Amino acid sequence: MTIPQFRESIERCQKVLESKGLNLIEILTSSDATIFDNILHSFVGIAAIQIGLVDLLRSLNIEPDYIIGHSVGELGCGYADGAFTPEQMILASYYRGKVSLDIEKIKGSMAAIGMGYKKIVNMLPDKIEVACHNSADSCTISGPAEDVEKFVNELKSRGIFAKEVPCSNIAYHSRYIAHMGPQLLKYLKKIIPNPKPRSSKWLSSSVPESDWHQEGSNLCSAEYHTNNLLNSVLFEETFALLPNNALTIEIAPHGLLQAILKRSMVNGVHIPLTQRNNKTNNVFFLSAIGKLFANGVVFPTANLYPKIEFPVSRGTPGISSLIRWDHSEDWFAVKYENIKSESKGERSYTVSMSSDEEFLSGHVIDGKALIPAICYLRYVWETFSLMYHGPSYTEVPVEFEEVKFLRATSISPDDNLKLNVMIHYGTGNFEITESGALVVSGRITEIERPSLPEVYEFIEESDFPTLCHKDFYKELRLRGYHYSGRFKPVKEVRGDSLCGKIAWKNNWVTFIDAMLQIQILSTDSRTLLLPTNIRKLRICGRHHVDLVTKMEPENHVFDVYVDRKHNRIVSGGIEIVGLHASPVQRRKSPGIPILERYQF
């Protein structure tokens, strides 16, 4: 409420709802956690927040290329598309809640399931329906409360994620609320007497794409939004129509869809504008639009502040003349020269194949010794530790995000390459340059509550043979990876590349690189691949070392597991998510002349 445009939008909605006996501001600001147990409060609260956020984005001249709504979110689509006025949207949400409360219905329930619609549809009991197609590995079911509870427990017993979600005991988007349709339609026709057409930006999630051309489907009408309440949410199918590297903005009281968005669009950028229970949501919003700016969205920030009327009146004093240093006291100032040099977010590293880093000579790809991708991140890790904790960087649990490897850097025995590491205070964004050219970029943050990564959905039994150390590196050699020395720690790998064993040699670079080796092996082709992007890398160094201390002294070997479904690999205290490797063209061998002789 501290941002003027947002406050004005909420106050406008407040005036509309006062005639219905509702105090919107009290609903939104109440500390009573049970206030949203009333579904009517939930609907008007969601709608009001969406109206305020859309108005904020409009004030910044941020206009969408596409708009998609999830369930009641399609009311927000109507407003963002210009088909609704604020009054129409807030009243539409009010009547949606009123119908939910007034009309008698069965005691229903809804549950989130860790399976997609296509996988679960044939498993459903007769009384349960799929209410929401969320993504390929997520859906929401709806039906009678007892049947849903029983089915949820059955799925849990089979190791499938299932959890009932709050819905005020109403089985939305199912046949059990069909009798609510006529009354909602009657209410909506009063507030939408002349429906406007939906623009091409609005991608419907309540009408199948094959029916978009049919009469009535292209209108933001009472019939359209009644259909939205009664029928399934086709979010998965509609979201798939977006470009796979889109920048998405979630306009809601909480970024509830972030996990689904990130799994469904790995190469996209997904930004929520608010966060539930955040006491400084104004700061969260400003941080969100800062992320938009960092990703190329340009907007006039001054529009968020009250306008200054020019010219100012005569006699208005200048501000600069009022600001002075206070020199009334003297005191000794501490000089932190040494500490400052170590703790600043910029350091230079000289990389060579000398004593400490001689092992780098074993990282040979396509005939060239290249600096390993993980070696760059180790320098970032060390710099980050010096900024906040001290030189023992392995004691600091860190998470790398959106890491991009922009080019490979070769190194020869006589080279002394200088790498400059720069980390931005506050955001954790980092860059590594070599000879003035950007090599690696990304973000690093400290893990507040470190824990060992979980291993799930792993099939232990398999008919695939096990590749021994020799066979594994022979296969890599055929692909162009000529590893040697410490870069050959893999002991064995199962033929399907879903699990293996890696020896721990007190070297983080070679160990994590071995994890990348195993995941690259899982690709079907024998093309030469180099890492270009890692969505997330978590390193819990202390937990990892604790596991080492529990092993036999002569057998420090970790199990490694690959989860192809979520593009994830785990070993010890290390988790890599969203590794993307791009193919590179191999160099042609010049050929070696051979003298042969046949003698009979």
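Just so you know, all these numbers are worked out from the coordinates, no wet-lab data involved. Nothing here was measured: the structure is a model prediction, and the numbers come from that model. In this analysis, Cβ positions are derived from the backbone assuming ideal geometry, glycine residues included, and neighbour counts consider all displayed protein chains.
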List the residues, sorted by chain then number, that are 5 or more residues from Val440 or on another chain and whose placed amide H is less than 5 Å from its amide H.
Leu406, Ile432
Enter the angle in degrees (range 0 to 90, nearest 10) between the Cα long axis of helix 39-59 and the first principal axis of the Cα atoms of the chain, meaning the one along which they spread out most.
70 degrees
When the Cα atoms of region 339-586 are enclosed in a convex hull and the volume is divided per residue, what value in Å³ results?
135 Å³
For region 299-307, Karplus couplings with θ = phi - 60° (6.51, -1.76, 1.60), whole Hz, Gly/Pro x:
8, x, 4, 4, 5, 6, 10, x, 6
Shape of region 400-535 from its Cα gyration tensor (a ≥ b ≥ c, root eigenvalues): rounded if a/c is under 1.5, otherwise prolate when a/b > b/c, or oblate?
oblate
Non-local amide H neighbours of Leu467 (under 5 Å, H modeled in plane, Pro and chain starts lacking H): which ones?
Val493, Arg494, Gly495
Could you tell me the center-to-center distance, by alpha carbons, between region 541-584 and region 25-79 in angstrom?
42 Å
Angle between the chain longest axis and helix 508-521 axis [Cα atoms, degrees, rounded to 10]
70 degrees
Helix-only [θ]222 nm of the chain, DSSP H runs n ≥ 4, -39500 (n - 2.57) each, per residue, nearest 500:
-9500 deg cm²/dmol
Report the gain in length on full extension from Ala294 to Phe310: 0.36 nm times residue separation, minus Cα-Cα distance, nm rounded to one decimal.
2.6 nm
Any chance you could give the angle, 0 to 90 degrees and rounded to 10, that helix 145-157 forms with the longest Cα principal axis of the chain?
0 degrees
Within a 10 angstrom radius of the beta carbon, how do Asp559, Asp326, Asp65 rank from fewest other beta carbons to most?
Asp326, Asp65, Asp559
Taking the DSSP beta bridges in the chain as the whole, what percent of them are antiparallel, to the nearest 5?
95 percent
Hey, of (1) 1.18; (2) 1.42; (3) 1.04, which did the structure itself give for Cα Rg over 2.2 N^0.38 Å when calculated?
(1)
What are the aspartates and glutamates whose alpha-carbon lies under 13 Å from the alpha-carbon of Lys156, with same-chain residues fewer than 8 places away excluded?
Glu164
15 Å beta-carbon shell around Gly572, net charge (K/R +1, D/E -1):
+2
Region 266-402 shape via C-alpha gyration tensor axes, a/c threshold 1.5
oblate
Output ³J(HN,Hα) for region 484-490: one whole-Hz value per residue in order, computed from phi by the Karplus curve 6.51 cos²θ - 1.76 cosθ + 1.60 with θ = phi - 60°, and x for Gly and Pro.
8, x, 6, 7, 10, x, 5
Going through Lys119/Lys565; Lys98/Lys190; Lys118/Lys565; Lys418/Lys536 one by one, the pairs whose alpha carbons sit over 19 Å apart turn out to be Lys418/Lys536
Tensor-based shape of region 458-578 (alpha-carbon gyration tensor, a/c under 1.5 rounded, otherwise prolate or oblate)
rounded
Answer check: region 106-169, Cα atoms, Kirkwood Rh, Rg/Rh ratio of 0.92
